[in-house]
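The next block holds one structure in the form of structure tokens; read it before the comments.
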Amino acid sequence: MSDPAGTAGGDRSRAWLADVFVAVFAAAPAVYLIVRSPYIESEELLVRPVARLIGYGGLCLGVWCLLVLARSGTSRSPSRSPSLARRAARWGARTAAGAAVAVLALAAWSRLQLRARPFFWPPHVERSLANQLDSLTPKQRVEWAARVAVHRLGSPPRLPAGADARVEKRSIEKRSVESQTGLPLTVPASWSFPRDVEVAVDLRDNDTTRVWTRIAGGVMACASLPARRTKPLCDVGDGNDPALAYARPSRVADSVVETTLDSVGEPWPQYRHDALRTGQVPLTARRTGAASVPVPVPVSWQWQSDGEYRSSTSVIGDLGVIGTHGSGSIAALDMASGVPRWTARAPNWIHQGAVSDGRIVVFGFGDNTSSFRGQTPSGVTAYALSSGVHLWTRFDESSVMTSPVFQDDAIVYGSAAGVLRRRSARTGELLREASLPGGVIMGPPAAVGDTAVFTLDFDTVCAVSLSTLEQHWCRRLPGTLMAGHAAPAIAQGLVIASVLVNLGGMTLADFWRVPLANKARLLWSNVVLPTHWAGQKFVALDLHTGAVRWSSRVFGDRFTPEGHSSGTAAIDDSVGVIVLPNADSTVAFTVRDGRVRWAAGAHRARGPATIVRGHAIVSGRDGITVVRAIATGAVTCTMTRRIGYDRAGPSVGNGLLLFANLSGEIEALPVEALLGCDAAILRNVRPVATAAAHEAH
């Protein structure tokens, strides 16, 4: 005979044990989430210990309460069946408890996975391999050596006045390589170069110098001057040619280069020329020796490099200086004709603009992957501006993807590992060094007087003294991301910076404006990583104290740009114009209070606007350049090109607008042609100077 009471009691015991198991399963991840330290604070909503205790502990307590609620509806009489409503309530409570447990488990698991990965982000000095080249793989060592070798060889003398760039440049460049190598190649003692790598220089091609590197075991790499982007270059059979003379480079003592440092023109001391990020210099007379002559009537021209441009051109006197993204090639172009006065090669990519005191020009270099960890070269390199003579190169522990700042006879810059350095501009000697509470990633600092402002990943802005590197203040912006990916601007005692915004950086009004699908993604992203962001905003901090003076609304996320977020303001008097790439928006605002005057599309631009005589010029990744009146946002002209632009906001100098595109082309147009929307000139730009060494793509 069956025993219903006993069966029911056993069912209740099993149900009770199941509830206890679920409660314990919920408590374990909750305890971990409470006691752990967030790996990337800006990517999480619950950061502070109290917030984690209330949030995760409250969710765990909620699970137990739901289980109790589910059991409270259980009848103790075996003969009575619970009502349909009561069964539904019990089922709903258990389902909600299960969902809460799943959320806790998924949140804990995703963070455990983040800890377990060999994560290279954010970069740290102690993780860098830049000073441990023997620990690199053979492939990494030969590639490192090839980059350094072409840098050593890639600084030919200045072309003679009146020389035909299509004929003279290659012969002079080739003689320069021959004179510098003498085989074996020499490398300064302070340079980072793998000690077990052999180098061979191949001068047999008419238009290309090839550098081969190899290591025991047959691992090889090669690089070329100029760089090649289409035809195959590194064929193992070519590298094993018996005619190639391989040898380990000889180490030579570092020495100060004896060369004349003539002044070429007005300095371009920081990114986009000044803290307002104007990207332009006033129209000045052109220097010819000791004399000055009037600036000639601007003439349109184009010039093709051997790599793509993602930075703006820096205009110093009658030279436009720029470096390429992939190859690290450098060119100093005559502003009147587009003919290169001199060319050079950095040891790695150049992401942002050159800086100069009018005599010396300096570039930061490093890629956006391997050199974070010190697996490819990164640092700064300097040249005599008038002649292109290489002055010095210093290698650092992590990428230098930003522009330094000139102050007097020194430069100041930061690395992706958060190391702040001050060096002599003439010799590269390290004068001071300090640490920053975050990485200097893609946002070049802005400087006013002795103060420089750095934006740091993930969510910090700091002001430091250029002379002592002492920190004046550092301000965190909770709930934000990628602060170090956009350069700040300074105007009216305010620092204008842009950031990506997570759920924790939004107001209720911002959250209300977010579309429903984005709301769900934002909430879910705080459970699992990586984080989904709501969009971009820009904020103003007091230059003297770092206090937040105002913050814009969040401009909703529309797409994720290739690379980094960017978003640098350009200031003209009391009005600023900022491009917010993730929101695909161009926004004009009042500097004093952040009031938005107008907003419009940005054609997927990432480069800053250039403001010329009351008009904002924005060049998009789709190849469309739009000119708008900054007072109203009205479009006054558009110009369309087949190739688009990236971070390279147009620069202005000597009456010309300089556009640098993703195919590696510099296009110079008279300012008046674009502001006057002269269709004939904007449509019919012909190349007037193309370097012969770069034509065989």
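The values are calculated or read from the model by the stated rules, or taken from the named source; none is laboratory data. These numbers were taken from a predicted model, which means no experiment stands behind them. Please note: Cβ atoms are built from the backbone with ideal geometry, for glycine as well, and neighbour counts cover all protein chains shown. To get the accessible areas, we keep the full protein, side chains included, count just its heavy atoms, and leave off ligands, DNA and RNA. Shrake-Rupley method; radii C 1.70, N 1.55, O 1.52, S 1.80 Å.
Working with all protein chains in place, sort Ser467, Ser192, Ser37 by solvent-accessible area computed with a 1.4 Å probe, largest first.
Numbers: Ser467 45, Ser192 20, Ser37 75 Å².
The residues order as Ser37, Ser467, Ser192, largest area first.
Probe of 1.4 angstrom, ligands and nucleic acids ignored: what's the accessible area per residue over region 314-472, in square angstrom? Before the final figure, lay out the partial values.
Details: 3120 Å² over 159 residues.
With all protein chains present, region 314-472 gives 20 Å² per residue.
Grab the eigenvalues of the alpha-carbon gyration tensor for region 347-466, scale each by 5, take roots, and send me the semi-axes largest first in whole angstrom. Numbers along the way, then the final one.
Working: eigenvalues 84, 61, 26 Å².
Over the Cα atoms of region 347-466, the ellipsoid semi-axes are 20, 18, 11 Å.
Using modelled amide H (1.01 Å from N, peptide plane; none on Pro or chain starts), what sits under 5 Å from the amide H of Val612, excluding residues fewer than 5 places away?
Close amide H contacts, sequence-distant or interchain: Ile617.
Using 0.36 nm per residue, how much length does the chain from Leu430 to Trp91 gain when fully extended, once their Cα-Cα distance is taken away?
On the way: separation 339, 0.36 × 339 = 122.04 nm, distance 6.92 nm.
The span from Leu430 to Trp91 would gain 115.1 nm if fully extended.
Go through region 185-195 residue by residue and turn each phi into a ³J(HN,Hα) via Karplus (6.51, -1.76, 1.60, θ = phi - 60°); whole Hz please, and just put x for glycine and proline.
Result, ordered by residue: 4, 9, 10, x, 4, 7, 6, 7, 8, x, 6 Hz.
Can you pull the percent of Cα pairs in region 542-697 with separation above 23 Å?
Details: 4748 of 12090 pairs.
The answer is 39 percent, as a whole percent.
Tell me the relative contact order for region 373-508 as a rounded percent, counting alpha carbon contacts under 8 Å between residues six or more apart.
Numbers: 340 pairs, mean separation 20.8, N = 136.
Once divided by the residue count of region 373-508, the mean separation gives 15 percent.
Please give the solvent-accessible surface of Cys222 in Å², to the nearest 10, using a probe radius of 1.4 Å with every protein chain present.
20
In region 566-619, which trypsin sites (Lys or Arg not before Pro) are in a loop and have at most 10 other Cβ atoms within 10 Å, using DSSP for the loop call? Walk me through the numbers on the way to the answer.
Working: sites: Arg592, Arg595, Arg597, Arg604, Arg606, Arg613; in loops: Arg592, Arg595, Arg604, Arg606, Arg613.
Within region 566-619, the qualifying trypsin sites (Lys or Arg not before Pro) (loop, at most 10 other Cβ atoms within 10 Å) are Arg613.
Ignoring ligands, DNA and RNA, how do Met506, Met482 rank by accessible area with a 1.4 Å probe, largest first? Intermediate results must be reported in sequence, preceding the final value.
Working: Met506 30, Met482 55 Å².
Reading off the accessible areas and sorting them downward yields Met482, Met506.
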